[in-house]
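As structure tokens, the structure follows; a few thoughts come after it.
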Amino acid sequence: MTSRKQIYLLSTILICVGLGLTLYKYFFLHFPLLPGSVRTVWSVEAKISFNARDNSVSADLALPSMQGGYEILDETFASSGYQFNIENFDGQRRAIWANDHNSGAQNLYYSMQVTPRISRDITTTAAGKPPSHVSKPIWLAAQREAALSIIKLAEERAATPDNFTYELLKILSGDQQADDTYRLISADKSISRANMALKLLAEAGEQAHIIRGVQLGNRTHNDPPAELIEVYESSQWKIYNPDTATVGLPDDFFIWQRGGPSLLDVVGGSQSKIRFSVLSNVIPAKNIALKLAREQTVALVDFNIYSLPVEKQNVFKSLLLVPIGALVVVIFQIWIGVRTSGTFMPVLIALAFIQTTLFTGIAILLVLVGMGLWIRSYLSKTDLHMAARIGAVLIIVVILMAGFSVASHKLGIDQALSLTFFPMVILAWTIERMSITWEEDGPKEVAIQGSGSLIVAIAAYLAMTNSLVEHLTFNFPELLLGVLGVILLLGQYTGFRLLEFYRFRHMDSD
Amino acid sequence: MMWLNRRNNLRAKGIVGINERNISFISKYNERCRFPLVDNKLLTKRAAAQATIAVPELLGVIESPYQLRKLAKLLDPLEQFVVKPARGSGGKGILVIDQREGEHFCKPSGQTLSLRNIRHDISNVLSGVYSLGGKPDSAFIESLVLCTPGLQHYSYEGLPDIRVIIFQGFPVMAMLRCPTHASDGKANLHQGAVGVGLDITTGSALNAVQLNRVIHQHPDTGVDFSDLIIPDWPTLLRLAASCHELTGLGYLGCDIVIDKNRGPLLLEINARPGLSIQTASGMGLKQRLSAIEQLAQQDWDIEQRLSYIENNFSLARSA
């Protein structure tokens, strides 16, 4: 294989690996490709309160399952003085608090943070077939007749069997207030509408269960659990809101418990109730992706910059930008043909610009190099060894920097203090080289190389401070493999440079 | 659109750009380990002398500041001489003395220097001012080449030299580089020297350019370039072609001067020769380079190579 083909193969592999890892992180770990993308996170707090009698007491709360349209980022339990345990009953997690000698009003807290899943295919309804047998509910004597009459009415109104639940809920929600409904409800006020609907459905022989959950909002306080019912109709599950008879899961509804015996059981206490408070938060999407990826211990994220301490991460943030600067330099050299003084000097200057901001940086640089050249022009008349002369220029650069810093501080221009970010040795070398270029090739060449360096440095600065570039290099460092591949490919380019079109313009004429 | 047209035109003319020169010719045909010999003029000179290739006579070498003490003694018998940095590029740091006036040394421009001035210049050379990357360098002193009368009028304040591009040992293109007032007596085209493209088979002028612009007369002497013909061309071509064996480089440029008494002398060899020769000759390098790349026969000796270019690169025939 020729070296050319090897390079093509190598750079293709590098670019594919770089892009592949990036896309993997985007599609499967949900790292955001754009800076500033955010996801909503809801903090849901369940507050359990009850009065404990003077004996042993235990509270048992059904915990939301991990599946469904939401991901649980974090869970905390607050229960001072209680023994706490999480147990699993038939795939349903339940939190159990227990205590031997508490009395009076008790509060237990469970809070969690949830965020909507990004996955495309979320099934919100229950899976599988229900048990075929439906046990008939037990009615109070006063209710039974009313219940049967409501069912009959609903059956009459429903054009097809599919409409039965809908019609039943409409009757029950009382938009057509029937005597039967009133009788049914007034006989047992403690039962919720959802449970009443379930009872009626059971009486009619329909498969159904309750869904308890929380309606996520911007900010809600002390809400009782919201209830929906799920009915098995024409061989699929359908979710109904018992209050409005609308079909489907409402937006931002967090399912806490599907079916199951109870949400909360308190033994040894009275007046138990559960209330939910919800607070919505907007959090950078990256933080969520990171947290989820860490929980799943994804190796790509484990061996990453994020595992470093924050201050070291910041150092890396600027280090990771250097390849972008290198890419800009390579493009300017190979495609355009700009002459610079020192190949990668513009990248270092651009790094300094990032610290000083562009215009201050350019001003400081021009003043420093200008004064350096002026002083250096005196040194060139003396009989000095080159090492000594560059050393002298270096010291003069340091003195100039110190002088500027003090003077600008006194004048109240604190921005100029950042000039210490300029690489001194590089500056001294640049001054030395430009001075020699001046003597050898004249001021015109110095102007060409100087402005070339400045243009490339500004271009590199603009590329490196682009927020998208910054975001991508830091969050997808594997993209640098792609940059490496592109640079290798550019290194193979044998076409004309842009400035050569000008250089050979007279060859074009005839 | 305009760029695309120009690109196609330049391609059609066989113009080689810097990227193509670097990758398709220099990197491909010049092994890195061969560079030190040509990057150091002193080494080139010694190797050439050993291979009986004619070079200006070496008069002395100064490799450390210590040797500067002996400078006076070294220069004492010399009336005319040239001081050069061994690793200088682009004619930088070259000091030409063509006359002595008692204690003083005179440059061709008429400026006079004292021994002290010369010592300072050499000290600069030793500290690496003119070498790439500022590496410490050495200086050497060689005899001054006296311009052959035929070429005198084509140059101002300096010596014209002939740059020949040698590919795989075949001389493919040549030009005469004439110093001008603008180039400060130096033979570098980008500094304003005139480049006169030469017919590689005859040594006669094709076309002349200064700073990429076509001209017909020397800007300082006013001499017309059209009837220029290099004397002793076959000897010069043979000298140039032999640089291939001397250096082992596949793609090189050699600079040759013609001395009044000794004829063509090799001045230096460049492993990264520039591309202005194409503008000076009014044609691109590509066709000839490709023709040589596609040759079936591999080991050509110098006679065969010279007769090949005579038969194939003659403009009279191809026109």
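The values are calculated or read from the model by the stated rules, or taken from the named source; none is laboratory data. The structure presented is a predicted model; accordingly, all values stated were derived computationally and were not measured. Quick reminder, even Gly has a Cβ in these numbers, built from the backbone with ideal geometry, and neighbours come from all protein chains shown. Please note that ligands, DNA and RNA were not included when accessible areas were found on the heavy atoms of the full protein model with its side chains. Shrake-Rupley method; radii C 1.70, N 1.55, O 1.52, S 1.80 Å.
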First in segment A:379-407 and within 14 Å of another protein chain (Cβ to nearest Cβ), second anywhere and charged (D, E, K, R) and open to solvent by 30 Å² or more (accessible area, probe 1.4 Å), Cβ under 8 Å, 6 or more apart | A:380/A:439
Within segment A:50-65, residues among the small types (Gly, Ala, Ser), in a strand (DSSP E or B) and more than 16 Å from residue A:211 (Cβ to Cβ) come out as A:52, A:58, A:59
Somewhere in segment B:29-38, is a residue among the polar types (S, T, N, Q), closer than 19 Å to residue B:252 by Cβ and out of contact with any helix residue (DSSP H, G or I) (no Cβ under 6 Å at 6 or more places or on another chain)?
-> yes
Filter result for the condition that a residue is crowded, with 16+ Cβ neighbours inside 10 Å, part of a loop (DSSP other than H, G, I, E, B) and either away from chain A (no Cβ under 14 Å) or without any contact (Cβ under 8 Å) to a residue 24 or more places away in the chain (or both), over B:16, B:38, B:83, B:55 | B:55
Mind listing whichever residues of segment A:395-432 are charged (D, E, K, R), at pLDDT 80 or above and either open to solvent by 60 Å² or more (accessible area, probe 1.4 Å) or under 41 Å from the mean Cα position of the chain (by Cα) (or both)?
-> A:410
The listed residue being out of contact with any strand residue (DSSP E or B) (no Cβ under 9 Å at 6 or more places or on another chain), not aromatic (Phe, Trp, Tyr) and not in a helix (DSSP H, G or I), out of A:384, A:373 = A:384
What do you reckon, is residue A:437 assigned to a helix (DSSP H, G or I), out of contact with any Cys (no Cβ under 7 Å at 6 or more places or on another chain) and within 14 Å of another protein chain (Cβ to nearest Cβ)?
-> yes
Out of curiosity, is residue A:470 in contact (Cβ under 8 Å) with a residue 24 or more places away in the chain, in the same structural domain as residue A:362 (by TED's automatic domain parsing) and surrounded by 16 or more Cβ atoms within 10 Å (Cβ to Cβ)?
-> yes
Taking residue A:318 and the conditions (1) in contact (Cβ under 8 Å) with a residue 60 or more places away in the chain; (2) in a helix (DSSP H, G or I), which numbered condition does it fall short on, given that it satisfies the others?
-> (1)
Flag for residue B:152 being modelled with pLDDT under 90, open to solvent by 40 Å² or more (accessible area, probe 1.4 Å) and under 22 Å from residue B:231 (Cβ atoms) | yes
Can you confirm whether segment A:284-292 contains a residue that is part of a strand (DSSP E or B), in the same structural domain as residue A:49 (by TED's automatic domain parsing) and in contact (Cβ under 8 Å) with a residue 12 or more places away in the chain?
-> yes
Residue check: is residue B:292 β-branched (Val, Ile, Thr), part of a helix (DSSP H, G or I) and within 26 Å of residue B:33 (Cα to Cα)?
-> yes
Which ones in segment B:260-275 are open to solvent by 30 Å² or more (accessible area, probe 1.4 Å) and outside any strand (DSSP E or B)?
-> B:260, B:261, B:262, B:272, B:274
When every residue in segment B:41-52 that is surrounded by fewer than 19 Cβ atoms within 10 Å (Cβ to Cβ) and not in a loop (DSSP other than H, G, I, E, B) is compared, the one farthest from the other protein chains (Cβ to nearest Cβ) is B:50
Mind checking whether some residue in segment A:478-497 is assigned to a helix (DSSP H, G or I), open to solvent by 10 Å² or more (accessible area, probe 1.4 Å), free of Cβ contacts under 8 Å to residues at least 24 places away in the same chain and within 13 Å of another protein chain (Cβ to nearest Cβ)?
-> no
Within segment B:1-13, how many residues are within 27 Å of the chain's Cα centre (by Cα) and open to solvent by less than 50 Å² (accessible area, probe 1.4 Å)?
-> 1
Residue B:202 fails exactly one of (1) away from chain A (no Cβ under 12 Å); (2) open to solvent by 20 Å² or more (accessible area, probe 1.4 Å); (3) not in a loop (DSSP other than H, G, I, E, B), namely (3)
Restricting segment B:86-122 to residues that are aliphatic (A, V, I, L, M) and outside any helix (DSSP H, G or I), which is farthest from the other protein chains (Cβ to nearest Cβ)?
-> B:97
Sole miss for residue B:53 among (1) hydrophobic (A, V, I, L, M, F, W, C); (2) farther than 24 Å from residue B:268 by Cβ; (3) modelled with pLDDT of 90 or more is condition (2)
Of (1) crowded, with 22+ Cβ neighbours inside 10 Å; (2) at pLDDT below 90; (3) more than 17 Å from the chain's Cα centre (by Cα), residue B:139 fails just (2)
Candidates B:176, B:144, filtered to the one that is modelled with pLDDT of 85 or more, open to solvent by 30 Å² or more (accessible area, probe 1.4 Å) and hydrophobic (A, V, I, L, M, F, W, C) = B:144
For residue A:257, are the conditions met, namely being modelled with pLDDT under 85 and either among the polar types (S, T, N, Q) or open to solvent by less than 30 Å² (accessible area, probe 1.4 Å) (or both)?
-> yes
Based on what the data block shows, is residue B:61 at pLDDT 90 or above, within 24 Å of residue B:189 (Cα to Cα) and away from every other protein chain (no Cβ under 14 Å)?
-> no
Considering only residues that are under 16 Å from residue B:92 (Cβ atoms) and of a type in the set (Ser, Thr, Tyr), look in segment A:433-452 and name the one that is modelled with the lowest pLDDT.
-> A:437
In this structure, is residue A:58 among the small types (Gly, Ala, Ser) and closer than 25 Å to residue A:219 by Cβ?
-> no
